[in-house]
Structures are given as structure tokens and as C-alpha cells.
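Note sheet for the following structure.
The values are calculated or read from the model by the stated rules, or taken from the named source; none is laboratory data. Since the structure is predicted, the reported quantities are computational estimates derived from the model, not experimental observations. All Cβ positions, glycine included, derive from the backbone under ideal geometry; neighbour counts span all protein chains shown. Heads up: the accessible areas ignore ligands, DNA and RNA and are worked out on the full protein's heavy atoms, side chains in. Shrake-Rupley method; radii C 1.70, N 1.55, O 1.52, S 1.80 Å.
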Amino acid sequence: MIRLKILACDIFQDKIKSYIEYTGDDFNDIRKKYIQLLMFSPIGVALILLMSFTISRFLLFSLIGYGIIVYFFPVIYSWSKKEEYRKVTNLESPLISLVCYVNSLIDKSLITTMEDLSKLKHLKTPSIESQMLKKTINILNYSSYKSIQRRESLHRGDLMGKIYSAYMVSMDMGVSLKDRLREAMKEILSLYKEDYRNYVNKATELSEVIFSIFLLLPIVLIGFQFTFKVSLFELLLPLSFAPLIVFLISIMQPNSDYDINMNWKQFIPVILSFVVALLLNVNLSIRFLIIVSGILVSVYLIYRQVRIANQLVKLLPDLLREVADYMKIGYSITGSLSKIRIRDKFGVVENIVKKSVLEGEVGEVKTPSKLFNNIIELFKIFNKSGTSYNVLEELAGTLNEIMLVQDSMTKQLRLFDAMVILTPVMLWITFSILGNISSDSATLSGIVVLLYSVTTSFIFSKLSRFTLFYFPTILMGTLIPLILSFIPHVF
């Protein structure tokens, strides 16, 4: 009996399996999620129809996008997981390559190195790679050589592939693994820099699209007030592109170092502001201001973790050099940590030192910086296996180069902050000249300008700072339209 293939997970099965072989996901698990999504999809259709007939007919067009996303979910999901894992791999490869190089000095195999690194909670790549290497050896009966060769072919488009390639060349040609891995480290760092340069170019192109959607398009809609009847909802319609833009930025940009912990307590100010705005008998603009204030407080609470992460990363090279200096005179890594004099305003390093003194070993850490967590976890491995101070000095130099690349990129992307200023100013001027939404146009125009300004500030925060919650950018995008709302239209 011929089985008719109508589901995307059946039609595109080979493509999906090629993605999950890279990431280590399970096809049956993706298929199960897909079936569940199809079962509940009529609820989404009903909600869209309800909103389109109560708010605006324009929402009917979203049914097309909704249908495409639901039907092609297994392909989109498996592809996005592959892209996410590729970015994680590129972020972690410089560190992995260094440990591989150190372990090659004491003749540790790649598989053993991956097993060691898989014990580090904050590194994702070694855990997945170790699991997939074991799977091909134990289940598919591959030899170690063939297993590494298979992973190398799958990783040819990312930095992890350079590490596998170094092992393959060493085994095939009999050249020194140590020398090959040292060359791979340099190549990985060079490609790492190139990855950031490419992102700057892509971000520049995307900023033009953002400029068109969130500035030029609203200005055109305001101008249509003289010819057509444009409702407030239609004027705000371009804001519906914001989630898509954020998604595109997430795909384009290298994976960030931030490990932000968000919980419901951080959103209490937002919840309270909504409650207060509903209960108080005040006009619409005041209510809106109360809600925006609550959002700002929540953003600041999350942004505090970003500040901690940024400071800890800046401390890392000095921390490594100090540990290396004490190791030169005979101290172990644990002993060196108990002697260092580096301090940070958040007390993170001091807590690590206290744990090292009390427990006699490097304690576990959980900070908002993935890189900082990984380096401290590496101390555990180096402390047990033994390593020389030269490795820590080399690691400090590598981190310095990475930080220089990131600082250079941030300076180039900082120009986009001008859009955060330009958006509210240009919209305010447009309303001043053309705006006539209703009899209460001053209040409504102020809300429209504020919504566009806050949205663009979140987007450009993500674009240039690698996080949606960079408080200075969000604050600037909020204060400027609020200040403008107190200035009377004079044109």
C-alpha cells in the first residue's frame, strides 16, 4: 500500500534528518511536536479571525504567515536549531581549540578531551559532540577515525570543523598533532574575527530596512491622513514587524556571551504598573506613562546582569595573568586563586577566592557571562590534569584578541544609536506638520511617537549590544519622545 505523504515532516524528511544529524536532535521528537501543533492550530486560526473582524481586516493576511509557519514547522525548527548550534559552536571553538592543544601535549585523544569538556555545564558543544561521537562508535560501530571523519564533514562550515580537520590531517599524514592544533587555534581566531566583521556588514544592510519600516513607513501613513482615513491601529501596523526583525537579527549575529536569568520577580514592576494604570482615574497619556515606567524598571533589573557580565569579561585577562604569575613561583591554580588581589564591584571574584580557600578547590560559579563561567570551569580541569602557566598566559592573550574584536564591532555598531534619537524627532516633526489623527491628536501623536521610539530602541539594543535589555539605549529611546511630548507643535 502506497502511503501518501502530505505532512512536511514526511516530505522533507531527508532535509530534516540532515539538520538533526548536525545538532543531535531526535526526529521522532520533532514529529511529535509537529502533530501536536497541527492539532491545536485551529485555535490560532480562530483567534486571528476574531481579531480581524473586531480590530482590522488587515489581520486576515496574517493567516498566510501563520499557515506557512505551522505547516513547515519541522523544517523551520530543525533549521533554526542547526543555525543556533552553529553559532554556539563558533563562540566556544576558540576555548575548545586551546584545551585540545593543551591535551595534545600529554597525548590525550580528541574523544577523551570532549568527554572532559562535556563535564563543564556552561559549554554546550563538547557535550553534544561527545554524545554524537559515542553514538557513532557504539551504535553504528564506527571506528574512532571514521567517527571523527563524519563529524568533520558535518562541521565544515563552522569553526569546530577546523579542530576536527586538524586531527584528521594529523592522523592521515602523520604530522605533529600539537603543531596542527596550534595552527588551527590561529585560524579559528582569524575566522572568529571575520565572523564579527561579516555581521557588521549585514547589520548595516538590515538597519536600512529597519529605517524604512519604523520611520519612513509611519511618516507616509501620517501623510495619508489628508487623503485617506487612517485609523490609529493602521498607523501602528508597522510595529507588527518588530518580532520578525528581532528574529532576523538573532539569526544573523554571532551568539552572545550573555547568560541572562529572567524570572517573574523581574517583571513585577510591569505587572504593578498595568494594575495602577487601570485603577487610577487619569487620562490616557498618564496611564501610558505609568506602564512605560514599569517597563523601564524591569529592563533595568535585567540590565544589571548585563553590566555584571561585561565587567567580569574585562577582568578575565588580568585574572589569568595573576594566576599565571603565582604559578611561576610554585603555587597550584587553587593556591593562586587564593592569592590574587583583583576585585570587582559585584563581589563575584571575591566569592570565588573564598570558596577556593574554604573548599581547597575551584568552586562552581554561575554568572551572567558564559565566557567567565567557562574559564573558571576550565581551572577545575587544569587543576586536576595539571598545566603550566604558559597555557594561562596564552589564554589571556587569546581573550584579549577576542575582546578587541568585540570592542571594535561595538564601536562600529554604536552609530546605529543615532536611529534611536532620529526616530522620535522625525516622527514628532511629521506630526507637527501633518498630524491630525483626532480631536485629541496631541495625546495620540505622543503615544504613537513613544511606541515607535521604544520599539526601535529595543531593536537597536539587540542589533548593536547583543541584548534586548541594554538599559541606556532603552532609556534614551523613552526619554526623548517624553520630552518632545511637552513641546507644543509650532509648524
Tell me, please, whether a residue that is buried (at least 19 other Cβ atoms within 10 Å of the Cβ) and of a type outside the set (Val, Ile, Thr) can be found in the stretch 44-60. yes
Just give me the residues in the stretch 257-312 being over 17 Å from LEU450 (Cα atoms), surrounded by fewer than 18 Cβ atoms within 10 Å (Cβ to Cβ) and hydroxyl-bearing (Ser, Thr, Tyr), in sequence order. TYR300
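Table: residues versus (1) over 20 Å from GLU187 (Cβ atoms); (2) at pLDDT 80 or above.
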position	(1), (2)
GLY363	yes, no
LYS370	yes, yes
ILE375	yes, yes
THR387	yes, no
VAL391	no, no
MET403	no, yes
Scan the stretch 452-484 for residues that are surrounded by fewer than 20 Cβ atoms within 10 Å (Cβ to Cβ) and more than 30 Å from ARG197 (Cα to Cα) and jot them down. LEU479, LEU482, ILE483
Select, from ASP25, ASP10, ASP14, the only residue that is within 30 Å of THR136 (Cβ to Cβ), modelled with pLDDT of 85 or more and out of contact with any Lys or Arg (no Cβ under 7 Å at 6 or more places or on another chain). ASP14
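Being under 25 Å from the mean Cα position of the chain (by Cα), of a type in the set (Val, Ile, Thr) and on the phi < 0 side of the Ramachandran plot, is that true of even one residue in the stretch 160-167? Before the answer, list the steps.
To start, the set of residues in the stretch 160-167 that are under 25 Å from the mean Cα position of the chain (by Cα) comprises 160-163.
Within this subset, residues satisfying the condition of being of a type in the set (Val, Ile, Thr) are 163.
Applying the additional criterion that residues be on the phi < 0 side of the Ramachandran plot yields 163.
Yes, the stretch 160-167 contains a residue that is under 25 Å from the mean Cα position of the chain (by Cα), of a type in the set (Val, Ile, Thr) and on the phi < 0 side of the Ramachandran plot.
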I need the full set of residues from the stretch 413-439 which are surrounded by 15 or more Cβ atoms within 10 Å (Cβ to Cβ), under 16 Å from TYR470 (Cβ atoms), at pLDDT below 80 and not charged (D, E, K, R), in order please. LEU413, PHE416
Among (1) in contact with a helix residue (DSSP H, G or I) (Cβ under 9 Å, 6 or more places away or on another chain); (2) open to solvent by 70 Å² or more (accessible area, probe 1.4 Å), there is one condition PRO243 misses while meeting the rest; what is its number? (1)
Sole residue being modelled with pLDDT of 85 or more, open to solvent by 40 Å² or more (accessible area, probe 1.4 Å) and more than 25 Å from GLY477 (Cβ to Cβ), chosen from SER153, SER176: SER153
Hey, could you check the stretch 100-123 for residues that are more than 24 Å from SER143 (Cβ to Cβ) and hydrophobic (A, V, I, L, M, F, W, C) and say which is surrounded by the most Cβ atoms within 10 Å (Cβ to Cβ)? VAL102
Output the residues belonging to the stretch 212-255 that are outside any helix (DSSP H, G or I), more than 15 Å from LEU451 (Cβ to Cβ), modelled with pLDDT under 80 and of a type outside the set (A, V, I, L, M). THR227, PHE228, LYS229, ASN255
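Look at LEU316 and say whether it is buried (at least 18 other Cβ atoms within 10 Å of the Cβ) and in contact with a Leu (Cβ under 8 Å, 6 or more places away or on another chain).
Numbers: buried (at least 18 other Cβ atoms within 10 Å of the Cβ): yes; in contact with a Leu (Cβ under 8 Å, 6 or more places away or on another chain): yes.
In short, yes.
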Name, by its number, the condition in (1) among the β-branched types (Val, Ile, Thr); (2) modelled with pLDDT of 85 or more; (3) part of a loop (DSSP other than H, G, I, E, B) that does not hold for ILE291. (3)
Would you confirm whether or not the stretch 113-135 contains a residue that is of a type in the set (Ser, Thr, Tyr), at pLDDT 85 or above and more than 29 Å from the chain's Cα centre (by Cα)? no
What pairs come up if the first residue lies in the stretch 52-79 and is farther than 17 Å from LEU244 by Cβ and among the aliphatic types (A, V, I, L, M), the second is part of a loop (DSSP other than H, G, I, E, B) and modelled with pLDDT under 90, and their beta carbons are under 9 Å apart, counting only those six or more places apart or on different chains? VAL75/PHE12
Unique residue being of a type in the set (A, V, I, L, M, F, W, C) and modelled with pLDDT under 80 when the list is ILE459, ILE381: ILE381
Return yes or no: is LYS345 assigned to a helix (DSSP H, G or I) and open to solvent by 80 Å² or more (accessible area, probe 1.4 Å)? no
